[in-house]
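Engineer: Quick one: the structure is below, and I'll ask about it shortly.
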């Protein structure tokens with residue numbers, strides 16, 4: 001009876017957690033096994049590795065442009081994340097703190113536009129950038145800045161709504177107190193508001209970086225030269241023709257691709273937890 005009561009109250013949660021962990025670890029285990037598989041093929045890869053070799057990693061760096069792909073992805077994702085975060089934060093502050101004509105319509109427009117993915121306009125965007133490439137090649141096709149500009153087109157969307165919702169929880173009395181002390185809007189924004197909304201900024205930064213580094217459709221259209229490709233486009237090219245042959249190198253590249261995302265998450269984790277705790281104490 002005691003055992004049954006324990007399972008009904010707590011035990012089933014442990015069972016669900018174990019199932020979820022197994023569900024998450026199985027694909028990771030398969031990718032790790034494929035990355036260290038000396039044969040480097042999909043058909044010879046098992047869930048539990050029996051042999052270990054770093055040959056796939058060596059081939060990835062010597063036979064492909066993986067270092068260049070890695071650098072391109074860091075540049076594009078980093079720049080797109082910083083710029084989109086800056087634009088979203090400024091827009092969210094304006095929508096949250098100011099009252100102006102068209103405010104409600106602007107917020108609704110941002111939300112509705114985000115319902116339509118960017119690749120629906122890929123033909124139009126391609127035509128536009130064809131002209132841009134002819135007029136100013138440094139931000140045209142096969143350049144990292146073309147993708148940065150493209151990703152910036154979707155910066156004012158869901159992120160603005162998320163940050164605005166967090167801004168709305170910050171008491172406006174803080175703005176009024178700062179104004180009494182002689183602070184202007186920019187000083188209030190940087191010195192008072194931003195430190196209080198650090199958790200949502202960290203979340204938006206991580207989500208934006210993940211979305212940028214994993215984006216494939218637009219990057220595959222705008223980046224066709226090998227030395228300009230991102231990780232998503234370059235790694236897909238390894239298995240596009242013969243999926244079985246280069247699967248080991250593909251898996252090795254996948255593991256290395258996860259490093260920046262995991263590192264960014266662990267770096268911002270302290271800001272998320274610290275910011276939430278600090279806000280709770282201040283409240």
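The values are calculated or read from the model by the stated rules, or taken from the named source; none is laboratory data. Nothing here was measured: the structure is a model prediction, and the numbers come from that model. Positions of Cβ are generated from backbone atoms using ideal geometry, with glycine treated the same way; all protein chains shown enter the neighbour counts.
Engineer: From the list 168, 175, pick out the single residue that is over 27 Å from the mean Cα position of the chain (by Cα) and touching a residue at least 60 places away in the same chain (Cβ under 8 Å).
Structural biologist: One residue alone meets the criteria, 175.
Engineer: Give the residue, chosen from 127, 112, that is under 23 Å from residue 217 (Cα atoms) and either modelled with pLDDT under 85 or not in a helix (DSSP H, G or I) (or both).
Structural biologist: 112
Engineer: All but one of (1) at pLDDT 85 or above; (2) assigned to a helix (DSSP H, G or I); (3) more than 30 Å from residue 190 (Cα to Cα); (4) in contact with a helix residue (DSSP H, G or I) (Cβ under 9 Å, 6 or more places away or on another chain) hold for residue 119; state the number of the condition that does not hold.
Structural biologist: Condition not satisfied by residue 119: (1).
Engineer: Before we move on, is residue 51 over 24 Å from the mean Cα position of the chain (by Cα) and part of a helix (DSSP H, G or I)?
Structural biologist: Considered against the rule, which asks whether it is over 24 Å from the mean Cα position of the chain (by Cα) and part of a helix (DSSP H, G or I), residue 51 comes out as no.
Engineer: Still on this structure: Do we find that residue 149 is in contact with a helix residue (DSSP H, G or I) (Cβ under 8 Å, 6 or more places away or on another chain), surrounded by 13 or more Cβ atoms within 10 Å (Cβ to Cβ) and in a loop (DSSP other than H, G, I, E, B) in this structure?
Structural biologist: no
Engineer: If you go through region 132-144 one residue at a time, do you hit one that is in a loop (DSSP other than H, G, I, E, B) and closer than 26 Å to residue 197 by Cβ?
Structural biologist: No - not one qualifying residue is present in region 132-144.
Results for (1) crowded, with 19+ Cβ neighbours inside 10 Å; (2) within 29 Å of residue 122 (Cβ to Cβ), shown as yes or no for each residue.
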residue	(1), (2)
205	yes, yes
219	yes, yes
234	yes, yes
239	no, yes
246	yes, yes
262	no, no
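Engineer: Hey, another quick one. Restricting to region 109-127, name every residue that is closer than 14 Å to residue 156 by Cα and exposed (fewer than 15 other Cβ atoms within 10 Å of the Cβ).
Structural biologist: 109, 111, 112, 113, 115, 116, 117
Engineer: Take the residues of region 53-100 that are within 22 Å of residue 165 (Cβ to Cβ) and surrounded by fewer than 14 Cβ atoms within 10 Å (Cβ to Cβ): which is modelled with the highest pLDDT?
Structural biologist: 86
Engineer: Quickly run through region 152-208 and pick out the residues that are over 27 Å from residue 263 (Cβ atoms) and touching a helix residue (DSSP H, G or I) at 6+ places or on another chain (Cβ under 6 Å).
Structural biologist: 156, 164, 167, 168, 170, 174, 175, 178, 188, 189, 192
Engineer: Only residues that are farther than 19 Å from residue 118 by Cβ and under 16 Å from the mean Cα position of the chain (by Cα): list them for region 200-230, please.
Structural biologist: Those that are farther than 19 Å from residue 118 by Cβ and under 16 Å from the mean Cα position of the chain (by Cα): 200, 201, 202, 203, 205, 206.
Engineer: Do we find that residue 266 is surrounded by 20 or more Cβ atoms within 10 Å (Cβ to Cβ), under 21 Å from the mean Cα position of the chain (by Cα) and modelled with pLDDT of 85 or more in this structure?
Structural biologist: In short, no.
Engineer: Only one residue in 194, 174 is at pLDDT below 90 and either surrounded by 18 or more Cβ atoms within 10 Å (Cβ to Cβ) or within 20 Å of residue 99 (Cβ to Cβ) (or both), so which one is that?
Structural biologist: Going through 194, 174 in turn, the sole match is 174.
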